[in-house]
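What follows is a single structure, written as structure tokens, with notes after it.
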Amino acid sequence: MTIVPRTVPPRAAWALEQAGVDALLARLYAARGVCDPQELDDGLHLLPPPDQLRGAADAATLLADALQRGRRIAIVADYDCDGATACAVAVRGLRLLGQRLGGAQVLHLVPDRQRDGYGLTPALADRVHALGAEVLVTVDNGIASLDGVAHARALGLQVLITDHHLPLVVDGQPRLPADCVIVNPNQPGCPFPAKALAGVGVMFYVLLALRAELRRRGCFQPSDQPRLDPLLPLVALGTVADVVRLDAHNRRLVAQGLKRIRTGAMPAGLGALLVVAGRVPARATTFDLGFAVAPRLNAAGRLANMALGIECLLCDDPDHAQALAQQLDAINRERRELEAAMREQALLQLAERELPTGAEQAPAVTVFDPSFHEGVVGIVAARLKDRLHRPVFVFAPARLDDGTPCLRGSGRSIAGLHLRDALDTIAKRHPGLLLRFGGHAMAAGCTLRADGWPLFDAALRDVAQQWLEPDALQRRLHTDGELGAERHHPDTAALLDAQVWGQGFAPPLFQADAEVLGQRLVGERHLALRLRVHGQPMEAIWFGHTEALPHRARLAYRLDADEWQGLRRTRLVVEGVQT
């Protein structure tokens, strides 16, 4: 691993400082491409208006008609945290906007990962129809559900697709579901500037458009219209959890959500999830949302049913919310145990194939074992990707809608290989191998025929060999340079934690040449360190690392602060060592 400091454009940093930004923050923001102080303004008035989002006006008309006519609306969710938060935002928002209009019912349906497959399938459309729904709304899915939408329309359902994934590409052209309303910033011809919206962000914008339409119809006045900003904590959670790029638009949504979480203005279920994870809501950070709350919700979608997670997010009773959060926490503990076992099995398989050390030669890695659980393949792929610094796909046995055996896999990539585009290339080179696929640049999923893993393994390695430059396969950890000794203080950690960091806007990481004064294992899995940095003694920890360090080492670390026996202290959390 090589530790590489980021370049800081001096003019941008100076301009930010002149605008009153703290000198350290100015340096960090400038290194992440922020040039204009207005980019740091988290005011909601700076968000692009919903009328720029293609399909939002038609969606508002469809939903306003449904609310006014008392129709039954069914929200079809997805399995992950983005899908769960988008569902909760849709249900809460539609009930809020429709409460003055009378009899519309808003239901939600959570697909079963193994029974229903992914997206809006014909079988799922049948279940929606059986509920007596007249309007079907997808959240965080549906853009690739051509057959499911067609079947729903044949059943007489009106269909609204809200999604942010890329559409299917057939013969080089995008294919969209027919005869329905689509709201997706990534559909062809959409001028909306915030292309990185998560599924929950798309649904929030649909509600903004709906409120404007109801206001136009005279259902309420601007002075007494329902407020939608209480939904922003859920928008923030789903946005961070889905690891979408935190551009200026998404940072505003997340910042506004965090402000409300820190004051306690959030759904009871979200607050309970923070507490059960051992986090303090008043000091909630993007790290807490992404690494404490989201895994507990995702665990339900992976091992059980996301209905439990959505119920928690819809819950307003503190006692019931606490009970639901504890159930989700227990499922997450089970998920961690299963994930650890699968990860060890995957590493053993790679060792037998001479790939862990041989990963220096293999440009991409795939793993399959009949014992793997379909719900955990994505997180195992992410762990292996981090360890090997290679694109990784992990597969588990599954079944198609008709019961036919197949393999379902989830992949994670590194910079330089767009995973969904790679799958598209494999599908064209090997017709019939991929039964379906979709995703993003860094994360994607696919379904293979039951005997397709060996061919897929070779095909992915071929694509990676052609697309990845040798330089991309060398692990580099980008840092923000050295942090002066005077900044190793709890106030600095608090300042950094108060900001919005995440995908595409990396959290601060600093580097130092340290003298290792002492080291010991804690909890059998973590390395506790006593260091001397800039002549000052410092405590540090490297989570998930057990190998001893040399007497001197160049470290990449983040600053962390905690309280112990009433005293605030600072420690370094090591993320890597230059080798």
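The values are calculated or read from the model by the stated rules, or taken from the named source; none is laboratory data. Just so you know, these numbers come straight off a predicted model, no measurement behind them. Heads up, the Cβs are rebuilt from the backbone with ideal geometry, glycines too, and the neighbour counts pull from every protein chain shown.
Hey, any hits in region 507-529 for a residue that's assigned to a loop (DSSP other than H, G, I, E, B), farther than 30 Å from D242 by Cα and among the aliphatic types (A, V, I, L, M)?
Checked region 507-529: no residue is assigned to a loop (DSSP other than H, G, I, E, B), farther than 30 Å from D242 by Cα and among the aliphatic types (A, V, I, L, M).
Suppose we filter L101, L109 for residues that are at pLDDT 90 or above, in contact with a helix residue (DSSP H, G or I) (Cβ under 9 Å, 6 or more places away or on another chain) and not polar (S, T, N, Q); which single one remains?
None of the others qualify; the one that does is L109.
Check V500, V533 and return the single one that is in contact with a helix residue (DSSP H, G or I) (Cβ under 9 Å, 6 or more places away or on another chain), among the β-branched types (V, I, T) and either more than 17 Å from A556 (Cβ to Cβ) or in the same structural domain as G172 (by TED's automatic domain parsing) (or both).
Among V500, V533, only V500 is in contact with a helix residue (DSSP H, G or I) (Cβ under 9 Å, 6 or more places away or on another chain), among the β-branched types (V, I, T) and either more than 17 Å from A556 (Cβ to Cβ) or in the same structural domain as G172 (by TED's automatic domain parsing) (or both).
Within region 124-156, work out how many residues are under 22 Å from L400 (Cα atoms) and among the basic types (K, R).
1
Output the residues belonging to region 463-505 that are surrounded by fewer than 19 Cβ atoms within 10 Å (Cβ to Cβ), of a type in the set (G, A, S) and closer than 25 Å to A422 by Cα.
A472, G504
Kindly evaluate R420 against the criterion of being of a type in the set (K, R), surrounded by 18 or more Cβ atoms within 10 Å (Cβ to Cβ) and not in a helix (DSSP H, G or I).
No, not satisfied.
State all residues of region 440-455 that are under 21 Å from A198 (Cβ atoms) and either touching a Ser or Thr at 6+ places or on another chain (Cβ under 6 Å) or of a type in the set (F, W, Y) (or both); if no residue qualifies, say none.
Once the filter is applied, which keeps residues that are under 21 Å from A198 (Cβ atoms) and either touching a Ser or Thr at 6+ places or on another chain (Cβ under 6 Å) or of a type in the set (F, W, Y) (or both), region 440-455 yields M442, G445.
Considering region 90-109 alone, what residues qualify as being in contact (Cβ under 8 Å) with a residue 40 or more places away in the chain and in contact with a strand residue (DSSP E or B) (Cβ under 8 Å, 6 or more places away or on another chain)?
A90, V91, L94, H108
T121: within 27 Å of A443 (Cα to Cα), surrounded by fewer than 24 Cβ atoms within 10 Å (Cβ to Cβ) and touching a helix residue (DSSP H, G or I) at 6+ places or on another chain (Cβ under 6 Å), yes or no?
Spelling it out, T121 is indeed within 27 Å of A443 (Cα to Cα), surrounded by fewer than 24 Cβ atoms within 10 Å (Cβ to Cβ) and touching a helix residue (DSSP H, G or I) at 6+ places or on another chain (Cβ under 6 Å).
So, of the residues in region 210-247 that are crowded, with 24+ Cβ neighbours inside 10 Å and among the small types (G, A, S), which turns out to be farthest from P48 (Cα to Cα)?
Once the filter is applied, the top-ranked residue is A241.
What number of residues in region 555-573 are more than 22 Å from L521 (Cβ to Cβ) and of a type in the set (K, R)?
1
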